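Written out below as structure tokens is the structure these notes cover.
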Amino acid sequence: MSFKWVYATPENENITETLQNELGVPEAIAHLLAIRKIDSYNKAKYFFRGGINHLHDPFLMTDMKAAAARVSAAIRGGEKILIYGDYDVDGTTSTSILYLFFKKFGVEVSYYIPHRFNEGYGLNRRAVEYAVEQNIDLLISVDCGITAVEEAAAARRNGLDLIICDHHNVGRQLPEAVAVLDPKRSDCSYPFSGLSGAGVAFKLTQAVTEILGLSKNIPFEYLDLVAVSTASDIVPIVDENRILMSEGLKRINEEPRTGLKALLDIIKMEPGFIDTSNIVFSIGPRINAAGRMGDAEQAVQLLVAENRAEAKAHAHKLEAVNQKRRKADQKATNEANNIISEDYNLDSAAAIILHQQSWHLGVVGIVASRLVDAYHRPAILFSSVNGLLKGSARSIGGFNIYNAISECSDLLEEFGGHAFAAGLSLKPEKLEPFKNQLNEVISNNLSEEDRTPKLQIDYPLDLGIINKRFWKLLKQFKPFGPENLKPVFTCKNVNVVGVPSIVGKGHLKMKLRQNGSGVFDCIGFNMHEYLPQVRNAGKDDMEIAFNLEENHWNGRRTLQLKLLDIQFK
């Protein structure tokens, strides 16, 4: 796929030069800081040197004092606590953090993860009834609960204390509970609203530890789980999240907990080189697989395991579930692409909307994302569940799929989500009217320009300035993630050295140099279609877009260019 290159520019063009002089760094580094709105020496110092001591005071979060006091009383009084967590990575890591924290104090604690298909998302009445039946004293919801107004009322009627730890957008009405922790509350003075659900749970452990007068280092034991959550939940890797992510990665690489180490062993991933992308593409999906296929408790069992044999057994179970998920994913992806190639008129379809009764509900969101990447238009995939069509929608950058679906709400049984992803259900007979109406809505609001895939370019870089010092500075931008993405560079007039080839499953591999620069290894994943043009390119005919990264192979570390796009004169 060829992209339209869009160059990022700082809000204030003079900031780059100022930062370059104040920090003594190359123009490229100063420019990368400027486009991240880091416009002063102090902000740059926090960006590069922010650490565990720069975390925000947990008591700045609204209701934190009440939450920490109630939890502390439960710990001191030996009360029964039930943790209710969502079934995704964020929910299971949040649950694991609080479960392990309470276990440390000998508290009688248990957890409840809803079944994705039988119970659905969010705190539900069944769980409240279960808590009452089990004589639970304190129910804590994590990564969910901010819209559970009726469930909170049911808990209150039954004399059950409830604390909500969430990070999602607040609805019209707050649930009535002992405490509602959510940095997105309009009345919350917490300095950073981008925490994951596990991040909020971590802040609770910090506050409780302080009230109990214990070592402030205790909550840091769970930063590995916070990092897994932060990377997997696609929250912004800025401000406090950047510190939590960085410190959590250190723990994973230096001292992984028993459950994570068992999972890493199975996927043959050695601690020491694990970064955000490893979590996003390898660790997170395996933890998430349990919830996608139905029962996310298996993920919690792995994360809280302390015995190696037990952890290994849970890791093997989770990997088996992940293999099942991958098969369902691949089946649905192949069938969706076949339908599109055989029966779909992409010239007239503003969105791709498909239904197959056999598709597993747990993977339709993943497949929809693949279709968005492949065809660069919104996609919705439906499967059949209990007489309804239930589906997941994904969108392209810059187009709000939730708003588009809301304009078709008269045809739906229910829907929810945000700008880039949504869930919805409808009756089978409403599918065709929904397709027509949604395609019309999207056509009226999505221009041809919007349909053109774009690649944001951070800086045009000459290969000759890449040296050890430049790479050392660039590495300090890690960990990467939303709002702090891996920098994308361009380089003009590059020339092939030697013979380019195809390796693996369609990956373009070659060596490049520019003018008198050194020679760089280059890899372009799934870019095999460029091989004929690359082989026939004349001198200085190519301009590349790339990430600069470190390749680890057989104990050696070398810099390489990860190709993202190629343009020819």
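Neighbours of SER282 by Cβ distance under 13 Å: Lys/Arg scored +1, Asp/Glu scored -1, total -1. Amide H to amide H distances under 5 Å link VAL497 with LYS511, LEU512, ARG513, where only residues 5 or more positions off or on other chains count and H is placed in the peptide plane. As a proxy for reagent exposure, PHE382, PHE568 were ordered by neighbouring Cβ count within 10 angstrom, fewest first; the result is PHE568, PHE382.
Here each label is just a point 7 Å from Cα along the line to Cβ, and for GLU22 and SER110 those points are 5.6 nm apart.
Computed from Cα positions, the angle between helix 239-254 and the longest principal axis of the chain comes to roughly 90 degrees.
Projecting label points 7 angstrom from Cα along Cα→Cβ for GLN356 and PHE48 puts them 5.2 nm apart.
Equivalent ellipsoid of the stretch 409-512: semi-axes from √(5λ) of the C-alpha gyration tensor, largest first, are 44, 19, 15 Å.
Computed from backbone phi with θ = phi - 60° and the Karplus coefficients 6.51, -1.76 and 1.60, the 3J(HN,Hα) list for the stretch 510-526 is 6, 10, 10, 9, 10, 6, x, 6, x, 9, 10, 5, 10, 9, x, 5, 6 Hz; x is used for glycine and proline. For the chain, a crude dipole built from +1 on the beta carbon of Lys and Arg and -1 on the beta carbon of Asp and Glu, taken about the Cα centre, is about 1760 debye to the nearest 20. Packing order of peptides 2-10, 143-151, highest average first: 143-151, 2-10 (average count of other Cβ atoms within 10 Å over each peptide's residues).
From the alpha carbon centroid of the stretch 513-569 to that of the stretch 483-498 is 7 Å.
Considering only beta bridges that DSSP places wholly inside the chain, some 60 percent are antiparallel.
Using only Cα atoms and rounding to the nearest 10 degrees, what angle (0 to 90) does helix 364-375 make with the longest principal axis of the chain? For helix 364-375, the angle is close to 20 degrees. Using a cut-off of 9 Å between beta-carbons, work out the net charge of the residues near HIS167 (Lys and Arg +1, Asp and Glu -1, HIS167 not included). Summing Lys/Arg as +1 and Asp/Glu as -1 gives -4.
Charged neighbours of ILE81, selected by a Cβ distance under 11 Å, balance to -1 (K, R count +1; D, E count -1).
For q values of 0.15, 0.17 Å⁻¹, compute log₁₀ I(q)/I(0) with the Debye formula on a Cα-only model of the stretch 54-249, without solvent. Result of the Debye calculation: -0.82, -1.09.
Per q in 0.05, 0.07 Å⁻¹, report the Debye log10 I(q)/I(0) for the chain, using one uniform scatterer on each alpha carbon and no solvent. So the normalised log intensities work out to -0.23, -0.46.
Assuming charge only on the beta carbon of Lys and Arg (+1) and of Asp and Glu (-1), the dipole of the stretch 1-68 about its Cα centre is about 240 debye to the nearest 20. Taking other C-beta atoms within 10 angstrom as a stand-in for reagent exposure, SER392, SER501, SER384 fall in the order SER501, SER384, SER392, fewest first.
Centroid-to-centroid, using Cα positions, the stretch 186-217 and the stretch 72-112 are 15 Å apart.
Remark: relative contact order (the stretch 54-249) = 26 percent; criterion is Cα-Cα distance under 8 angstrom and separation of 6 or more residues.
For the stretch 511-569, the alpha carbon positions stretch 37, 29, 17 Å along the principal axes, listed from largest to smallest.
Quick one: Cα centre-to-centre distance for the stretch 11-34 and the stretch 295-352, in angstrom? Using only Cα atoms, the two centres lie 43 Å from each other. With all distinct Cα pairs included, what does the Kirkwood hydrodynamic radius of the stretch 51-116 come out to in Å, to one decimal, could you say? Result for the stretch 51-116, one decimal place: 13.4 Å.
As a proxy for reagent exposure, ARG251, ARG292, ARG535 were ordered by neighbouring Cβ count within 10 angstrom, fewest first; the result is ARG535, ARG251, ARG292.
Against the chain, whose longest principal axis is taken from its Cα atoms, helix 89-104 shows a tilt of about 50°.
Stick to the Cα atoms of the stretch 324-440, pair each with every other, and give me the Kirkwood hydrodynamic radius in Å at one decimal. Hydrodynamic radius (Kirkwood, Cα pairs) of the stretch 324-440 is 14.0 Å. Distances between every pair of Cα atoms in the stretch 163-247, grouped in 10 Å steps from 0 to the bin holding the largest one, split as 17, 47, 31, 5 percent.
Relative contact order, whole percent, for the chain stands at 12, derived from Cα pairs under 8 Å and 6 or more residues apart.
Only the coordinates and a few stated rules stand behind these numbers; no lab work does. Model, not experiment: these values are computed from the prediction. Positions of Cβ are backbone-derived with ideal geometry, glycine not excepted, and every protein chain shown enters the neighbour counts.
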